[in-house]
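The values are calculated or read from the model by the stated rules, or taken from the named source; none is laboratory data. This is a predicted model, so every value here is computed, not measured. All Cβ positions, glycine included, derive from the backbone under ideal geometry; neighbour counts span all protein chains shown.
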Amino acid sequence: MTTNPALVDSPTIEMDDVTKWFGQKVAVSNVTCSFGSGVTGLLGPNGAGKTTMLRMLTGLIRPSQGKIRVLGVWPRTSPKVYANVGLVPEEAAVYPSMTARSYIRYAATLAGVDDLDGATARAIETVALGDAADRKLAGYSKGMRQRAKVAAALVADPQILILDEPLNGTDPVQRLHLINLFRRLGDEGRTVVVSSHVLDEVERMSDRVIAIVDGRLAAAGDVAAIRRAMTDIPYRVRVDTDKPRVLAARLLEESLVHGVAVDDGTLHVETGDLAALGRRVPVVAREIDARITGFRPEDASLESVFRYLVGGR
Amino acid sequence: MAITTTTMRQVLGLRRAVIFGLAALAPALVFLLTSQALADEAALDRFLGMVVGLYLPLLVPIVSLILSASALGDERRDGTLSFLVLRPIPRSVIAGSKVLGAAIVVSALNALGGGALGLVYGLETGSWGATVPLMLGGIIAGIVYTALFVPLGFFTDRAVLAGLAFVLVFENGVVSALSGLSALSPWRLGLSTFSSLAPDAVTTALGDFGAADLSGFGSTIGRTIIVAALSIGLTTLVLRKRDLA
Amino acid sequence: MSDRGAVFDLGYAPYDGERRGRKGAIRTTYRDGLFRVFGIRRRARKKILPWMLIVLATLPAIVFVGFAFLLSTFAPEAESPFGSHADYFSITGVTILLFVALAAPELLIPDRRSGVLSVYSSRPLRPDDYVGARAASLLTVIAGFMLIPQTLMYIGFAALSADGFFKGLGENLGEIPKILAAAIVYALAYAPLALLVSTLTKRKAAATGIFLGIFLIGTALGASLVQATSIPGHRYAALLAFGEHPAYVRDWIFDRIGSSDLVVASSGLDPWLSLVAILAVAAVSTVVVVWRYRRIM
């Protein structure tokens, strides 16, 4: 079993020391990671290199250096592997003069699907395009186009699904529907890689996160583990108590506490060791006869983690 | 096959079909208007004037260039290339299908133009022997242009301009002055085909139109096949080696 | 009153510089058009074709002046066989046509395809301003294309004049209005039609092809149809020879009708008819382009 959080056991996609540069600009730099079953969120601010990385994973662009393996092969030289890969690119990628049905059917045909009508109908149903499926894509809203692209990627029932900002332009109902769909596909054991810069979406979809900042691998793993790994950034904990100022003064004497603040009757404590603080606070509270009604880490969310990662640039 | 039929629909939508269809019929229409009451010999002169003055050196290149440059170029610029290439299909098949789709549409339009012109000439003079050779000439020239401009269209959206500059400056300028270079002129390969297969009277009369140093039919077909194969090979190479997004 | 919401000062400063209004927007659109046509601030690949065509248009002028210099040095008595100002329009005609076919689609089509017209619309720029600014960019480029080499020749020949530079300049003063008039005629013959095709076409490649096709096929059709002697008024078919009208009017301006082998000339049409054809096509093209942009902007 691997100990590097950037790598997974039984990977379907592997990136080994991959770098990509365009002229003088390095878009992705020395990234080593892998993807396996379940949903992995590819996270990063705009321009971090997410799209470049996803395009490399599918073989659309070649790495300048390093190796990529999808189901054990480099797709460019072994295109058969595309039978098991679906991509939803960020850009338009639809033929405006086609109806959604003919577009999805075309995708099924090119993927070598046997039951074209059945597979097309199932894909349309999966993304809930319904009656709109027989309208031309030129008249589609951005959200509907996104769903048509997802359907085209799913029509061949791929083992690997790569989605670049798939929720762009979707309304809240469509968004929820697609998030549930991606989760379900991940739960079925497929490899689903979803890029997004909307943290809330990634948090709701992903079991695991790969964070890219300035083209470099900034963090990998589940959100809590990544936060735990940020040992140089103290945790911020909210402590609800009836004696915030007394408890604050007492906690400052503890070596594991880096700082305290009392804000509108609420105590905020900064520490480098969350678990130790959790054990120590009740003891100290008992000593000063304070009552603790709440103890909650304030920055264990993906948003805080991401802020730290990006802020550290 | 699906790629070929989709390519055909892509390069020739309804509006383009009408515009290019009408353009293709223009030489026939002009010939019809200008050949009334002409003696057979004069009609042949005017017919060949249309072939070497309008149909082959202008109409065939313009129609072929615009349509073929869009076959792969539009996929790239519209962002649909990823949809096409991320499929379990060898890149050579994708390349071949794109070239084939464009070539079929271009051939159909050029055959329509050449066929209509030959037909009007046949109606006027009762000589039908030039119709099929002219259609084949247009098809051959169109295939060569298509083979050259499908891959070029991938690289630049200025392929049509570059192509027309090639036609105007090199083919209709330099090669006209230096007939030894005629093998490098695609529309002259079409003229060779026409000249080789047309009745003797037509071939003899063509000599007055500067149709010198033309290659034989076999050699023309050979060159066309080589150019088409090279084009598919180059397109395959592009799809294999280049970044596609 | 509510204390549940607040806006904090994050230090963002609103733009408090000069607002240049409509005129500024027009100027910026015009300048952007020039940059776009020449590929300035774009990838090197975008610069190749325009600059190559500029070199092609200018090089003959330099060569002519150079030869004239050699001639004046080694055989001062000999008459220079090289280009008059009128001839030079013929030499650069194809280059200018190609450049317009390159530039007009570049000016109009990407804005529509990438959906940035709405951004222009949200500025004080009106549809007519946008079209006007783009047309001005194109006309400037065409004027530059034609007038820079002409100026080079004018100054070059004056410098080589046996009577001295200033005398040389003065001797050919009468040519200047003719050169300007011919340049305007060429610009009016090419630019409005090119903009029209670029307005009605979605793709740059198709616009280029169709524009050049109209000129080339139109000219060939005109040349053929004037032979349709059985049709009354067949000689007016020469009006289809779009590519020849500016040359015919140029010959008229330079008072050298009959010196070129033009279908419009041999068909017996008067040169003012060619001028009317140019102006009519330009007027109709302008009306359609403006009408179309008023609808989509």
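C:L147 - would you say it is surrounded by fewer than 18 Cβ atoms within 10 Å (Cβ to Cβ), at pLDDT 85 or above and part of a helix (DSSP H, G or I)?
In short, yes.
Evaluate the range A:42-54: report whether one residue or more is part of a strand (DSSP E or B), under 30 Å from A:K142 (Cα atoms) and at pLDDT below 90.
Filtering the range A:42-54 for residues part of a strand (DSSP E or B) gives A:42-43.
Subset that is under 30 Å from A:K142 (Cα atoms): A:42-43.
Of the ones still in play, those that are also at pLDDT below 90 are A:42-43.
Yes, because at least one residue in the range A:42-54 is part of a strand (DSSP E or B), under 30 Å from A:K142 (Cα atoms) and at pLDDT below 90.
Provide a single number: the residues in the range A:78-89 that are within 21 Å of the chain's Cα centre (by Cα) and surrounded by fewer than 19 Cβ atoms within 10 Å (Cβ to Cβ).
0
Regarding the range C:244-260, can at least one residue be identified that is surrounded by fewer than 22 Cβ atoms within 10 Å (Cβ to Cβ) and among the charged types (D, E, K, R)?
Yes; the residues of the range C:244-260 include at least one that is surrounded by fewer than 22 Cβ atoms within 10 Å (Cβ to Cβ) and among the charged types (D, E, K, R).
Would you confirm, using the coordinates I've provided, whether B:V174 is away from chain C (no Cβ under 14 Å), surrounded by fewer than 22 Cβ atoms within 10 Å (Cβ to Cβ) and out of contact with any Phe, Trp or Tyr (no Cβ under 9 Å at 6 or more places or on another chain)? Break it down stepwise before answering.
On the way: away from chain C (no Cβ under 14 Å): no; surrounded by fewer than 22 Cβ atoms within 10 Å (Cβ to Cβ): yes; out of contact with any Phe, Trp or Tyr (no Cβ under 9 Å at 6 or more places or on another chain): yes.
No, not satisfied.
Does A:A248 count as more than 20 Å from A:R55 (Cβ to Cβ) and among the small types (G, A, S)?
yes
Contact list please: Cβ distance under 9 Å, first residue in the range B:165-192 and closer than 20 Å to C:F215 by Cβ, second residue of a type in the set (D, E), pairs at least six apart or on different chains.
B:W187/B:E171
Of the residues A:V70, A:V18, A:V39, A:V81, only one is hydrophobic (A, V, I, L, M, F, W, C), within 13 Å of chain B (Cβ to nearest Cβ) and in contact with a helix residue (DSSP H, G or I) (Cβ under 8 Å, 6 or more places away or on another chain); which?
Details: A:V18 fails: within 13 Å of chain B (Cβ to nearest Cβ); A:V39 fails: within 13 Å of chain B (Cβ to nearest Cβ); A:V81 fails: in contact with a helix residue (DSSP H, G or I) (Cβ under 8 Å, 6 or more places away or on another chain).
Testing whether each residue is hydrophobic (A, V, I, L, M, F, W, C), within 13 Å of chain B (Cβ to nearest Cβ) and in contact with a helix residue (DSSP H, G or I) (Cβ under 8 Å, 6 or more places away or on another chain) leaves just A:V70.
This table checks each residue for (1) surrounded by fewer than 21 Cβ atoms within 10 Å (Cβ to Cβ); (2) more than 29 Å from A:M53 (Cβ to Cβ); (3) among the acidic types (D, E); (4) not assigned by TED's automatic domain parsing to the domain that holds A:G44.
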{"site": "A:L110", "(1), (2), (3), (4)": "no, no, no, no"}
{"site": "A:D114", "(1), (2), (3), (4)": "yes, yes, yes, no"}
{"site": "A:T120", "(1), (2), (3), (4)": "no, yes, no, no"}
{"site": "A:A128", "(1), (2), (3), (4)": "yes, yes, no, no"}
{"site": "A:R135", "(1), (2), (3), (4)": "yes, yes, no, no"}
{"site": "A:L154", "(1), (2), (3), (4)": "no, no, no, no"}
{"site": "A:D157", "(1), (2), (3), (4)": "yes, no, yes, no"}
{"site": "A:N168", "(1), (2), (3), (4)": "yes, no, no, no"}
{"site": "A:V173", "(1), (2), (3), (4)": "yes, yes, no, no"}
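Residue by residue, here is whether (1) touching a helix residue (DSSP H, G or I) at 6+ places or on another chain (Cβ under 7 Å); (2) assigned to a loop (DSSP other than H, G, I, E, B); (3) over 30 Å from A:T99 (Cβ atoms); (4) within 11 Å of another protein chain (Cβ to nearest Cβ) holds:
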site	(1), (2), (3), (4)
B:V18	no, no, no, no
B:V30	yes, no, yes, yes
B:L54	yes, no, yes, yes
B:L58	yes, no, yes, yes
B:L67	yes, no, no, yes
B:I89	yes, yes, no, yes
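Among (1) within 14 Å of chain B (Cβ to nearest Cβ); (2) within 20 Å of A:N168 (Cα to Cα); (3) among the small types (G, A, S), where does A:G139 come up short?
With respect to (1) within 14 Å of chain B (Cβ to nearest Cβ); (2) within 20 Å of A:N168 (Cα to Cα); (3) among the small types (G, A, S), A:G139 is out only on (1).
So, in the range A:42-67, how many residues would count as being under 20 Å from A:V305 (Cα atoms) and either within 14 Å of chain B (Cβ to nearest Cβ) or buried (at least 22 other Cβ atoms within 10 Å of the Cβ) (or both)?
The total comes to 6.
Select from the range B:192-223 the residues that are hydrophobic (A, V, I, L, M, F, W, C), at pLDDT 85 or above and part of a helix (DSSP H, G or I) and list them in ascending order.
Of everything in the range B:192-223, those that are hydrophobic (A, V, I, L, M, F, W, C), at pLDDT 85 or above and part of a helix (DSSP H, G or I) turn out to be B:F194, B:L197, B:I221.
Check off (1) crowded, with 22+ Cβ neighbours inside 10 Å; (2) under 30 Å from A:R105 (Cα atoms); (3) within 11 Å of chain C (Cβ to nearest Cβ) for B:L72 and give me the number that stays unchecked.
Condition not satisfied by B:L72: (3).
Has the range C:187-198 got at least one residue that is of a type in the set (F, W, Y), under 15 Å from the mean Cα position of the chain (by Cα) and at negative phi? First the steps, then the outcome.
First pass over the range C:187-198, keeping only residues of a type in the set (F, W, Y): C:190.
Now restrict to residues that are under 15 Å from the mean Cα position of the chain (by Cα): C:190.
Of the ones still in play, those that are also at negative phi are C:190.
Looking through the range C:187-198, at least one residue is of a type in the set (F, W, Y), under 15 Å from the mean Cα position of the chain (by Cα) and at negative phi.
Could you please give the count of residues in the range B:7-16 that are out of contact with any Ser or Thr (no Cβ under 9 Å at 6 or more places or on another chain) and away from chain C (no Cβ under 12 Å)?
Summing the residues that are out of contact with any Ser or Thr (no Cβ under 9 Å at 6 or more places or on another chain) and away from chain C (no Cβ under 12 Å) in the range B:7-16 gives 2.
So for the range B:124-138 (the condition being within 12 Å of chain C (Cβ to nearest Cβ), within 24 Å of B:I226 (Cα to Cα) and surrounded by 23 or more Cβ atoms within 10 Å (Cβ to Cβ)), does at least one residue qualify?
So far as the range B:124-138 goes, no, none of its residues is within 12 Å of chain C (Cβ to nearest Cβ), within 24 Å of B:I226 (Cα to Cα) and surrounded by 23 or more Cβ atoms within 10 Å (Cβ to Cβ).
Considering only the range C:196-211, I want to know if a residue exists there that is free of Cβ contacts under 8 Å to residues at least 40 places away in the same chain, more than 7 Å from chain B (Cβ to nearest Cβ) and surrounded by fewer than 22 Cβ atoms within 10 Å (Cβ to Cβ).
So far as the range C:196-211 goes, no, none of its residues is free of Cβ contacts under 8 Å to residues at least 40 places away in the same chain, more than 7 Å from chain B (Cβ to nearest Cβ) and surrounded by fewer than 22 Cβ atoms within 10 Å (Cβ to Cβ).
Kindly indicate whether A:V150 is assigned to a loop (DSSP other than H, G, I, E, B) and either among the aliphatic types (A, V, I, L, M) or facing chain B (nearest Cβ under 10 Å) (or both).
No, not satisfied.
Wholly within the range A:211-313, which helices (runs of 4 or more DSSP H) include no fewer than the required count, namely at least 1 residues that are outside the structural domain of A:F35 (by TED's automatic domain parsing) and modelled with pLDDT of 80 or more?
A:244-251, A:274-288
In the range A:252-272, what residues are surrounded by 12 or more Cβ atoms within 10 Å (Cβ to Cβ) and polar (S, T, N, Q)? Show your work before the answer.
If we filter the range A:252-272 for residues that are surrounded by 12 or more Cβ atoms within 10 Å (Cβ to Cβ), which is where we start, we get A:252, A:254, A:256-262, A:266-272.
A:T266, A:T271, listed by residue number.
Taking the condition of being assigned to a strand (DSSP E or B) and free of Cβ contacts under 8 Å to residues at least 40 places away in the same chain, how many residues in the range A:18-41 meet it?
3
So which of C:F8, C:F89, C:F99, C:F69 ends up being modelled with pLDDT under 85, at negative phi and in contact with a Pro (Cβ under 9 Å, 6 or more places away or on another chain)? Write out each step before concluding.
Working: C:F8 fails: in contact with a Pro (Cβ under 9 Å, 6 or more places away or on another chain); C:F99 fails: modelled with pLDDT under 85; C:F69 fails: in contact with a Pro (Cβ under 9 Å, 6 or more places away or on another chain).
Just one listed residue meets the conditions, C:F89.
With within 10 Å of chain B (Cβ to nearest Cβ) and outside any loop (DSSP other than H, G, I, E, B) as the only criterion, which of A:R122, A:R76, A:R105 stands out? Let's see the steps before the verdict.
On the way: A:R122 fails: within 10 Å of chain B (Cβ to nearest Cβ); A:R76 fails: outside any loop (DSSP other than H, G, I, E, B).
Step by step, each of A:R122, A:R76, A:R105 is checked, and only A:R105 is within 10 Å of chain B (Cβ to nearest Cβ) and outside any loop (DSSP other than H, G, I, E, B).
Find the residue count for the range C:221-240, including only residues that are assigned to a loop (DSSP other than H, G, I, E, B) and without any contact (Cβ under 8 Å) to a residue 24 or more places away in the chain.
The qualifying residues number 7.
Hey, could you check the range C:109-137 for residues that are within 14 Å of chain B (Cβ to nearest Cβ) and assigned to a helix (DSSP H, G or I) and say which is surrounded by the most Cβ atoms within 10 Å (Cβ to Cβ)?
Residue satisfying both the conditions and the ranking: C:I109.
When you scan the range B:33-52, how many residues do you find that are of a type in the set (A, V, I, L, M), under 14 Å from B:L119 (Cα atoms) and more than 9 Å from chain C (Cβ to nearest Cβ)?
Summing the residues that are of a type in the set (A, V, I, L, M), under 14 Å from B:L119 (Cα atoms) and more than 9 Å from chain C (Cβ to nearest Cβ) in the range B:33-52 gives 4.
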